[in-house]
1. Counting just the residues of the range B:501-521 that are among the aliphatic types (A, V, I, L, M) and closer than 16 Å to B:Gly633 by Cα, which one comes out most open to solvent (accessible area, probe 1.4 Å)?
2. Hey, can you tell me all the residues within the range B:770-829 that are in contact with a Phe, Trp or Tyr (Cβ under 7 Å, 6 or more places away or on another chain), buried (at least 17 other Cβ atoms within 10 Å of the Cβ) and not aliphatic (A, V, I, L, M)?
3. Select from the range B:8-35 the residues that are surrounded by fewer than 24 Cβ atoms within 10 Å (Cβ to Cβ) and at the interface with chain A (Cβ under 10 Å from one of its Cβ atoms) and list them in ascending order.
4. Just one of B:Ala84, B:Ala42 is within 13 Å of another protein chain (Cβ to nearest Cβ) and modelled with pLDDT of 95 or more; which is it?
5. When you look at B:Leu76, is it farther than 30 Å from B:Phe458 by Cβ and part of a helix (DSSP H, G or I), yes or no?
6. Which strands (runs of 3 or more DSSP E) sit wholly inside the range B:244-319 and have at least 3 residues that are open to solvent by 30 Å² or more (accessible area, probe 1.4 Å)?
7. Filter the range B:1118-1153 down to the residues that are modelled with pLDDT of 95 or more and touching a strand residue (DSSP E or B) at 6+ places or on another chain (Cβ under 8 Å), then identify the one that is nearest to the other protein chains (Cβ to nearest Cβ).
8. Only residues that are part of a helix (DSSP H, G or I) and without any contact (Cβ under 8 Å) to a residue 60 or more places away in the chain: list them for the range A:249-269, please.
Amino acid sequence: MVDLATTWLGLPLAHPVVASASPLSRSLDGIRRLEDAGAAAIVLPSIYEEEIEAEDALTLALVEEGSWTQPEAAGYFPTADTETGGLEARLETIRRAREACAVPIVASLNGSAPAGWVSFAHEIEAAGASAIELNLYRVPANIDESGEAVERRWLETVSAVRAAVPIPLSVKLGPWLSSPGHFAGALVGAGADGLVLFNRFYQPDIDLATLTPKSDLELSSPYEIRQALLWISLLAGRLNTSLAATTGVESHVEVVKYLLAGADVTMTASALLRHGPDHIATLRDGLADWMAGRGFDSLAAMRGRLAADRLETTEPLLRAQYAEMLVGYGGEPR
Amino acid sequence: MSAIANTPVTDTMDGNAAVAHVAYRVNEVFAIYPITPSSPMAEHADEWIARGIANVWGTLPSVQEMQSEGGAAGALHGSLQSGALTTTFTASQGLLLMLPNMFKIAGELTPTVFHVAARSLATQALSIFGDHQDVMAVRSTGFAMMGAASVQEAHDLALVAQAATLESRIPFLHFMDGFRTSHEVNKLTLLPDDTMRAMIDEKLIRAHRERALSPAHPVVRGTAHNPDTFFQARETATPFHAAVPVIVQAAMDRLAGLCGRQYRLFQYDGHPEAERVAIAMGSGAEVVRETAARLAADGQKVGALQVLLYRPFSVEHFLAALPATVRGIAVLDRCKEPGGTGEPLYQDVVAAFAQAVANGERTAMPRIFGGRYGLSSKDFHPGMVRAVFDEAAKDKPRNGFTIGIDDDVSGTSLPFDRDFDIEPDATTRALFFGLGSDGTVGANKNSVKMLAEDADRFAQGYFVYDSHKSGAETVSHLRFGHEPVHAPYLIRHADFVACHRFELLRKLDILGPARPGATFLLNAPYTANAVWDHLPRPVQRHIIEKQLRVFVIDATKVAQDLGLGPRVNTILQTCFFAISDIMPRDEAIAAIKASIEKAYGRKGGAVIEKNFAAVDAALAHLHEVTIPVDLTGTDNPPLVPDDAPDFVRTVTGAMMAGRGDAIPVSALPVDGTFPVGTTAFEKRNIAVEVPFWDADLCIQCGQCGIVCPHSVIRAKTYAEDALDTAPDSFRSAPVNARGFPDSRFSLQIYVEDCTGCGICVENCPAISPTDPDHRAIDMVDKRPLVETERKNIAFFETLPQVDRSRVNFANVRGVQFLEPLFEFSGACAGCGETPYVKLISQLFGDRLQIANATGCSSIYGGNLPAHPWRAGADGRGPAWNNSLFEDNAEFGLGYRLAIDKQTEVARHLLAELAADIGDDLVTAILKAPQVTESELAAQRTRVAAMREKLAGRIDDIALNLLALADFLVRRSVWIVGGDGWAYDIGYGGLDHTLAQNRDVNVLVLDTEVYSNTGGQSSKATPLGATAKFASAGKEVPRKDLAMQAIAYGYVYVAQIAMGANSEQALLALREAEAYPGPSLVLAYSHCIAHGFDLRFGMKQQARATAAGYWPLFRYDPTRRRSGENPFRLDSPRPRVKLADFAYRELRYKTLARSDRERADHLMRQAQAVVDERYRTYEDLAARDGSRFQPNWTEV
């Protein structure tokens, strides 16, 4: 019997397969189904900075729009019930999930600049979230803004959320940085207890029929794991932080690879959307079988075996490998 | 309303909430229809139902909004007849529409209580304000009538009435004074549920249910009688009515036993041996009571009698309540009964004494005299009461007097002292002058609540608004102290005055009511050191003479810096508490912050933070002004120019300056007829930013002007040499069309009339190729422009108006040159209705006659002080009237009947006089086509020629023809109103009008909701949108009124949306007008009640059409004659999803926020409805012409 137990963000988990944010974890029923299916922890869908700000604006509008401006109308909308609905419903889901589930419930906040929305982290904590995953999701489309400025803004955001709540804070970031490793270290310095590698930016396509941008959701595939695999390998053991690997976890094979590279947990959404929540057990059991077959009796024994700091050289991970591939394509077949 | 409370608690609320609190607790069904000022009662019920709050018996009541008060009364009657405890809330015209059912309900001895916020009736004019005309008009129905004088009384008597109606079986009308009590915020002690249960005997409820119709014990009710039995049957009810006074007094006594507040049918207060007594009902009685107490304390033998139970009028209780010593009785009626021997209460008092004398119960008649006061919420204050008591001391007091006005026509008015002040010094009185949009009223309501939360403190708030929907001025009257506040009248002597908008100092006598030594808080764009020299001289004089303390803050800038926009409320509220020393400063700040959190809920995050920051910033920016000794300011210029017409200077101007109360009777028109075009004199200057025209970039398309809701963008073309005398600042461009080589084009912005909505800028297609943020019109700061634009406007107005017969009516570019005969209305900034209204004034204005349904369009179109409808330079222009809400189509049809008849007479006379006028001319007039503008111009020329031929004739036949000559030019009748009228209350009449083959044009300004009364659901409200009475999202689709009209076959029907296709809108309006039968045009009108920035109103209209939600089409029966399909679908297939349109609006977003699942469900259904309706239209458009009924309309 192999021991799959792991620790992530200081939270003890029965195994390293975490259900990441997806429509499956939107409702209490969905969350319970994921737990029943065996998820070690569950990340809830992101609450977006824009959502929080829109909610603020909506609250303001409902309370103030046209109110007491003329004698015949005290206002123009049914009395706003600010105690239910909207983000309150999301908080209620956290509350009820916390009561109903034994596994950690991780709330996700999505924002990229420190502002009023950060205070919402308090609400999330009060609702009982085990941890917060802060998703730094924003295409830095402003060509006048330097990478340095973008990174500074993100770090300020992390610091602000860190200052707002004491619960574990994990930061999900994208790979498109000049020096992802350096920035990962800076995030840890700013207060992140863990990192999630990597975010996938949904890049719009073009619809040739309507000649309009088309944004549809492409689920991730195993071919996409390499970037995260590389960086987990490079960071594991070098940064004193929890590492979660996401993107491309389709079967136990990807779980194994991420763990070997040094991840504390792996996260999956696409595979669960494809195969249903019960796929979690398939991943978990597949991992256990693989470990048993290879003689690993615990996760600790295998985790990080191929992390950069435990390799004799990182060359295979980096440029040499690249050069070899180029040669391979251009030279004689071997 | 919170959870069930069984111990008495105090709270602060207005009369509507206080009454609704009880009515909700002791009823099961509410059948209602919104009407000012009673609407909030039903809205409270709707809200509490949504929150799942049960009545005292644990039942969740239900509310049914009906299509009219007539419908509400019918539904209520049916509900009562089926055994439910049922009530309604209404006022004014609404109560009158219930009249027939009231007779039925009373005749059937059915217990119910109608809760009424008493309001004026529309006579020479409509008024939304309070008096007793409505309740007095229904006094013969057999309903018992109880009137409350205060918020507490209204709360308590609502329960007394409920208890008494169940016991007596006589239905009750329980009323409070509209606005004065319904909207006054005051502290009261709430009746606990236990008290309500204890007051109502459940056996009586069971008895009510047992009397209800049931197949278990069938009966027949509502029969028809013959002469043999009707009379006797009518008399069977007499004992029931006779028993009411004793039952009511017993209920009052029971209530006193339960809560300690004792009421009597006739409440006497004052000197025990009073020689003079004044009698009144409603809030006026409280003024009489308080004044009498003061005069009695001064030694005068006076007293006050309040009539609480007016019907049945118990002579016995009445006489018993009056001191035997009384010699002079003044009876005050808040209504007018022309032609009677006096007003109703007066007649009852006289009759009661006459009976007593006749019966020998009294030996002599006192000197009883009656008079009128307080119509339409005319303030009724202690000075007036003293004048009435003084009159009562005379040997021959003036009977039929009026008090509170200067009746210099009939000489009825009594003189009174405006400054007579009876209020205790311990009561602090504060006045706040602000704008509707700056949050002043909301903040002050909040202040009243905060102050009254202290067990030892009492507070009262009353709020006065002007009639504009944009830039409305508000005055908040706040009193507070350690004694209950019984002062239902405006503050005349203030300890604290705040002016939240600096510009108001130039218009209103804001410091007139300031007491010596009072504190003045001013929001000004100047520092404490600099502000003095900017103050108008009269303001400086008040400050020096009254030795006022003055504090100044630039709250507008503080609010802007904090991202609060125009909302200066929190900042100024904090200043008020800080400098008025009502409560310790820290305590006040904590209380303000707590109230902010309460208002915005726990998720108000950033909003709360901004408001907290405003509280903290307020004190840092507040400074006391050192008062100089010199008057340095200038006197205020007259509000209207000296060369304005006399009426405008003396009457309109006085109203604008807040001096309307002083206008004498003789200055006002006798029949409600007012001159047009008076908004041109208002120059309200409410915009901060206004459009600025870039002549070089402009493509002269007219798209800015056509969407301007306030007609402030005007275009002219003129000969180039006209510019010789133009000011340097006047802008122009060469006309960019071919064939006008020496002509110039100018667009003139009337900046002082602009509301700054920006809708023109968003609709401007001319974007700079080098700067995408710059268009041919941009919004810019107004202040630097005002002086130059005044000169430019003055010059622009000297340029000739483009000849109508040379204008191309077929496109927007051409129509911009037609002068709007509807301008500068008080409609909301960015209003979606007024562009259509303005357009019909441009197209048909000189022969236009409008029937306007009550609603937004009748308020911005017809509310004093000034009127936007105007005449052109030739003196011709739209003639406008508003009959009622419910009868507008019939009213307009009546226009047509009269016009057709008089046209017929004129044509007949013309033929008779053919020999004198000339056969050719007569034939030409009789046979003239009158569709195009040039044809109409030609006909006018012919009629003028005919007039010339008859000039000097004094015989009847010629004079009669001359009197009717105008009918020889085709008149354009337009029936205008909102969806509340067309879909709901006026639908039956509209349907009947469309069913006549008469040439009337109906324009429905479809906002899909009752806009004027605050966003109640109508049958035009779309599926999935929220509205009041549809707070969980409307579950059924909007009525397809267009298809209903199309079904007639011969009605011209169009659906238009200016923002989606202005050319189609223009075409449809012109086709509708040209069609010789009935026409119906449904015009999509974005509205403040949709909940988005109206600057983008036209874009949102375009989305409505792009989503297929509001397809554009025209059904023109005349096309059938040539075999064509009369139905043209003018908008393409849906290109975006309904959600893309809908979720930009609060009315949809709120549901998505509160219940995502339900919102998704309703949105799916709504999308299906949109898809299916579009398919239906598409099918219709694809049919062969022969598949439609033939068109028989004669041309």
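The values are calculated or read from the model by the stated rules, or taken from the named source; none is laboratory data. Computed from a predicted model, the values in this text were never measured in an experiment. FYI the Cβ positions are ideal-geometry reconstructions off the backbone, even for glycines, and counts take in every protein chain you see. Surface accessibility is based on the protein's heavy atoms, side chains included, excluding ligands, DNA and RNA. Shrake-Rupley method; radii C 1.70, N 1.55, O 1.52, S 1.80 Å.
1. Taking the candidates together, the pick is B:Leu508.
2. Within the range B:770-829, B:Asp778, B:Asn792, B:Phe795, B:Phe822, B:Ser825, B:Gly826 meet the criteria.
3. none
4. That would be B:Ala42, the only listed residue that is within 13 Å of another protein chain (Cβ to nearest Cβ) and modelled with pLDDT of 95 or more.
5. Spelling it out, B:Leu76 is indeed farther than 30 Å from B:Phe458 by Cβ and part of a helix (DSSP H, G or I).
6. B:266-270
7. My answer is B:Ser1131.
8. Matches in the range A:249-269: A:His252, A:Val253, A:Glu254, A:Val256, A:Lys257, A:Tyr258, A:Leu260, A:Ala261.
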